[in-house]
Amino acid sequence: MIVLNKQNIIDNVIVTLDDSKTLTNPYYLFVFTNVTTNELVNHIANSANDLSDQQQRYNEFVIDTSTIFALSSLGQWQYQIYEQASSTNTNVTGLNLLEYGKMKLTTSDADLKIGFEPANVIKKGFNG
């Protein structure tokens, strides 16, 4: 799951795209869809801006979350990543889907839930 902080200017997104791509130097179209509101947010990344030193294993991009998601709702999102030759196209028709998954848009690390710890559990038993 990708976790992005709406207040961050720099968020690193790590995905695996090279194993499914068919173009040599593609642009990647990231399509984010809010699960509750169906808001759509598109972002295009150039493969030349991939920060990974092991691109056959993973790809890493920097996203300005505070700008891209400035007016977007917090919460659960789905994402799809497509490859394309265009640096401006946001229409997914006919594009090759490389990866999809879930993303959480939050405002701080405090919003992330790591586990569940019940408070003062009282157990009642039968002594029969």
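Structure values in brief
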read-out: Rg followed by Dmax, in Å, when the stretch 2-111 is reduced to its Cα trace; value: 13.5, 40
read-out: Local electrostatic count at Met1 - Lys and Arg +1, Asp and Glu -1, tallied over other residues with Cβ under 10 Å; value: +2
read-out: Amide H within-cut-off set for Leu98, under 5 Å, with H built and near neighbours excluded; value: Ile81, Tyr82, Glu83
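Read-outs: derived from the displayed coordinates by stated rules, not from any lab. Every value quoted in this text rests on a predicted model; they were computed, and no experiment measured them. Neighbour counts are summed over all protein chains in view; Cβ atoms, including those assigned to glycine, are modelled from backbone coordinates with ideal geometry.
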